[in-house]
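To keep things clear, I will list the structure first and then write my remarks on it.
The values are calculated or read from the model by the stated rules, or taken from the named source; none is laboratory data. The structure displayed is predicted, hence computed values, not measured ones. Glycine also receives a Cβ, built like all others from the backbone with ideal geometry; neighbour counts cover every protein chain displayed. Surface accessibility is based on the protein's heavy atoms, side chains included, excluding ligands, DNA and RNA. Shrake-Rupley method; radii C 1.70, N 1.55, O 1.52, S 1.80 Å.
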Amino acid sequence: MPVWGRRGSYVAVTWTVVALALIGSLAALVRRSIPPSEPNSLSSDHSVFLQRASHQPVNWRLMEDDPFAEARRLDLPVMVFAGSAVSQGARSFDDAIFSQPEVAARLNRDFVSVRLDLVTRPEWRSAFLSVLRNQVGADPGFVLWFFSPEGRLLTWVGRRSWSDKVDYNDLLGTLGEVLKQWRSLSPQVSTRAEREQREEVDVLRHGHTLSLPDFSRVPVGLTRQGTFVEWQPGAYRALLSSGSVDTFNSLLSSALFSPRFDLVDGGFFRLASGQDMRLVEFDKSAAVNAQMLAVVARALLANGDPVYKYAYERAVQCIKSSFVSGDDWSSYIESNVTDDERSPRHSFGIATLRTEFSSKARGFADQLGLDPRSNPLMVPTLSRSALTENRAGLDEFVKEAQTVGDPSVDVGSKDSVLDSVGIVVARTIEAARLMDDSETLSAALSWSKRLSQFRAGIDDVVHSSRGRGRRRKWLGDYTSYADAMMQTYMATGNAASLRDGEQVLRRALVLFARGDKGDFVATSGSDGPSDFHVEMPSVVDDGAPPALPALMQQCYRYGCVLGDAGLRSIAFDIAERFASVANQEPGSFYSYFGAASEVLNTGCHVYGTGTPLADIARFARNSPRFFCVRAAEGNKEVPEHGLRAYMREGAVPVK
């Protein structure tokens with residue numbers, strides 16, 4: 001007689017387990033047959049992030065609906081969920097928290113809940129505590145803000161490390177604490193978040209000590225461990241243009257030899273954390289990929305390292321295949337992951353290596369760091385030995401990996417917005433021109449022509465060619481458009497492109513300027529809780545290229561090409577205005593350092609109108625530290641066959 005049959009309780013337990021298993025299986029089958037809930041009003045929105053909530057039980061409002069007026073009428077606090085479809089953290093909140101009936105019931109009863117897409121509303125990236133959130137290493141892809149009905153900032157919730165797990169019980173506890181805080185709120189007493197926000201407003205808008213940036217501070221923070229780290233194109237540009245070539249090569253090479261560089265499809269993953277940046281999130285940003293493409297191109301010209309050549313080729317492949325498709329652009333690539341945080345496209349476990357790869361490819365896996373002890377996500381990583389000693393083996397592994405990995409998990413966003421698209425066009429033209437890559441240059445110039453869909457009137461642009469983005473003014477749209485037109489002029493000599501970019505740039509100087517020199521806000525006519533909070537400068541690196549450093553750079557470049565001292569003066573004012581705070585917190589201001597290094601280090605060399613474009617392109621390839629361009633007709637500061645370098649004091653001859 002079997003042991004389990006000697007006691008009747010064993011039989012009962014066995015049949016109970018079997019019954020529960022059957023019930024669970026039946027419930028799963030029934031659940032699949034239940035139609036989803038009726039979609040809400042978000043289902044028809046153009047924003048991918050808003051559409052994700054179309055079947056959620058939370059009663060979401062949009063910022064355009066004036067939710068703070070509704071909150072004052074209902075006497076309820078406001079929760080703003082600011083995120084994007086490309087954020088793994090935001091997607092986790094959607095799947096694990098906002099789909100929970102208990103959470104939805106609490107929010108619908110006690111809060112006015114607002115859902116906000118950071119792709120279509122980029123001004124919210126820099127509106128609140130951008131420096132503080134950067135300091136603590138918070139995920140820049142999403143944040144929960146809590147406000148009083150009058151717009152007073154109560155607190156915020158973010159994801160501060162890769163290991164932070166989503167727990168709806170924690171959020172329920174936070175909701176209770178926020179309600180308690182709001183009910184006891186006194187008009188005379190500021191919340192901690194209010195005080196921190198006021199300090200940032202004072203520093204970024206009012207409390208400036210005019211000075212010059214300390215470029216020796218740039219490497220600080222680039223090797224930060226444990227918290228979220230993004231690619232920082234501005235930091236690499238600052239290091240190169242300020243002459244710190246050895247540091248530049250060391251930091252860039254180590255980054256390319258980490259899982260942050262996508263060996264399967266090329267390009268650069270958006271976010272990483274942990275020791276040696278081993279814990280990656282597999283989403284991609286079009287703008288950051290294009291910026292890093294240009295950085296790698298300049299690195300290759302300065303150094304000739306085959307690692308840079310390989311990175312350039314794979315980044316071009318990524319941009320052409322992933323972000324540009326026919327007449328459509330994708331601003332981001334969203335990549336889904338499994339429960340263990342691995343990517344079905346980019347992670348290759350031991351079992352997959354054994355069963356799906358050839359013996360030759362399996363033997364090559366060790367050279368690509370596929371060891372679960374040191375690489376828990378099992379993401380193949382580029383190595384110098386693999387590239388230089390066995391390039392054929394590397395190519396074979398990549399080819400097989402592209403076949404094994406599931407391509408359906410990487411989806412391009414439908415959010416085509418000018419601040420992203422303009423940067424992709426500008427940086428791809430720049431890189432292709434420097435590399436004498438005629439095929440890529442031809443493609444990028446064709447993209448430049450399609451930017452006309454974002455033009456409005458004589459001198460204006462729109463954030464998006466469709467949906468609500470047409471009505472909003474965002475500084476980054478103007479700077480990226482001007483940037484793309486400048487690069488088009490440099491590649492073709494077409495004066496119409498230069499004048500087109502100049503018109504849009506001058507329009508931005510009117511729309512976004514405030515009282516003091518160098519004081520430009522990120523948005524015009526915001527409909528947030530209060531202009532005092534939302535009208536902030538976009539100068540901190542906060543998950544997307546900030547707009548104010550780009551304005552500084554474009555004012556300097558157009559001022560040099562046109563011979564306009566007034567535009568150059570604006571660039572110098574911006575550089576001086578933010579130097580003191582950037583020197584204190586260099587890890588939050590890499591884009592500022594990248595632009596300021598060009599503006600203050602004689603970064604622009606302007607050749608006379610009689611200089612052939614091919615010669616200028618050759619000069620640029622020989623001097624990748626500098627911005628080499630031909631003067632516009634009418635620039636009286638540069639002789640027809642001469643050369644001027646533009647410094648803070650003006651134009652000086654270069655021998």
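Whenever a residue of the stretch 348-366 is more than 12 Å from Met378 (Cβ to Cβ), its partners that are open to solvent by 70 Å² or more (accessible area, probe 1.4 Å) and at pLDDT 85 or above, lying with C-beta atoms within less than 8 angstrom and at least six residues away or across chains, give the pairs Arg362/Arg354.
The set of residues in the stretch 401-413 that are within 20 Å of the chain's Cα centre (by Cα), farther than 20 Å from Arg125 by Cβ and not β-branched (Val, Ile, Thr) comprises Asp410, Gly412.
Among the conditions (1) closer than 30 Å to Ser464 by Cα; (2) touching a Pro at 6+ places or on another chain (Cβ under 6 Å); (3) of a type in the set (Gly, Ala, Ser), Ala302 misses just one, which is (1).
In the stretch 236-281, of all residues being among the small types (Gly, Ala, Ser) and buried (at least 21 other Cβ atoms within 10 Å of the Cβ), the one that is farthest from Arg314 (Cα to Cα) corresponds to Ser242.
From the list Thr479, Thr403, the lone residue that is among the β-branched types (Val, Ile, Thr) and free of Cβ contacts under 8 Å to residues at least 40 places away in the same chain is Thr403. Yes or no: the stretch 261-274 includes at least one residue that is among the hydrophobic types (A, V, I, L, M, F, W, C) and part of a helix (DSSP H, G or I). The answer is no, given that none of the residues of the stretch 261-274 is among the hydrophobic types (A, V, I, L, M, F, W, C) and part of a helix (DSSP H, G or I). Scan the stretch 450-469 and give yes if some residue there is in contact with an Asp or Glu (Cβ under 7 Å, 6 or more places away or on another chain), modelled with pLDDT of 90 or more and closer than 17 Å to Tyr312 by Cβ, otherwise no. Within the stretch 450-469, none of the residues are in contact with an Asp or Glu (Cβ under 7 Å, 6 or more places away or on another chain), modelled with pLDDT of 90 or more and closer than 17 Å to Tyr312 by Cβ.
Residue-wise test of (1) surrounded by 18 or more Cβ atoms within 10 Å (Cβ to Cβ); (2) closer than 21 Å to Ala550 by Cα; (3) out of contact with any helix residue (DSSP H, G or I) (no Cβ under 6 Å at 6 or more places or on another chain); (4) at pLDDT 85 or above.
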{"position": "Ser597", "(1), (2), (3), (4)": "yes, yes, no, yes"}
{"position": "Ile616", "(1), (2), (3), (4)": "yes, no, yes, yes"}
{"position": "Lys636", "(1), (2), (3), (4)": "no, no, yes, yes"}
{"position": "His641", "(1), (2), (3), (4)": "no, no, yes, no"}
{"position": "Val654", "(1), (2), (3), (4)": "no, no, yes, no"}
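Contact map, the stretch 549-573: residues that are open to solvent by less than 10 Å² (accessible area, probe 1.4 Å) paired with residues that are part of a helix (DSSP H, G or I) and among the acidic types (Asp, Glu), Cβ distance under 8 Å, separation 6+ or inter-chain. Pairs shown: Gln554/Asp483; Tyr556/Glu598; Tyr558/Glu502.
Counting only helices (runs of 4 or more DSSP H) that sit completely within the stretch 399-500, those holding 3 or more residues that are surrounded by fewer than 24 Cβ atoms within 10 Å (Cβ to Cβ) and small (Gly, Ala, Ser) correspond to 438-449. Close Cβ contacts (under 9 Å, 6 or more residues apart or on different chains) running from residues in the stretch 64-80 that are in contact (Cβ under 8 Å) with a residue 60 or more places away in the chain to residues that are of a type in the set (S, T, N, Q) and part of a helix (DSSP H, G or I) comprise Pro77/Gln181. Among the residues that make up the stretch 328-338, is at least one of them more than 19 Å from the chain's Cα centre (by Cα) and among the polar types (S, T, N, Q)? Scanning the stretch 328-338 turns up at least one residue that is more than 19 Å from the chain's Cα centre (by Cα) and among the polar types (S, T, N, Q). The set of residues in the stretch 553-568 that are touching a Ser or Thr at 6+ places or on another chain (Cβ under 9 Å) and within 22 Å of Val424 (Cβ to Cβ) comprises Gln553, Gln554, Cys555.
So for the stretch 536-546 (the condition being open to solvent by less than 20 Å² (accessible area, probe 1.4 Å), more than 25 Å from the chain's Cα centre (by Cα) and hydrophobic (A, V, I, L, M, F, W, C)), does at least one residue qualify? No, the conditions are met nowhere in the stretch 536-546. For the stretch 293-321, a residue qualifies if it is in contact (Cβ under 8 Å) with a residue 60 or more places away in the chain and open to solvent by 10 Å² or more (accessible area, probe 1.4 Å), and the qualifying residues are Arg298, Leu300, Leu301, Ala302, Pro306, Tyr312, Val316, Lys320.
Using the structure shown, decide if Ala193 is at pLDDT 85 or above, within 19 Å of Arg160 (Cα to Cα) and of a type outside the set (Phe, Trp, Tyr). Yes. Screening the stretch 96-177 for strands (runs of 3 or more DSSP E) wholly inside it with 1 or more residues that are open to solvent by 30 Å² or more (accessible area, probe 1.4 Å) returns the ranges 153-157. Tallying residues that are hydroxyl-bearing (Ser, Thr, Tyr) and touching a strand residue (DSSP E or B) at 6+ places or on another chain (Cβ under 6 Å) within the stretch 378-430 yields 2.
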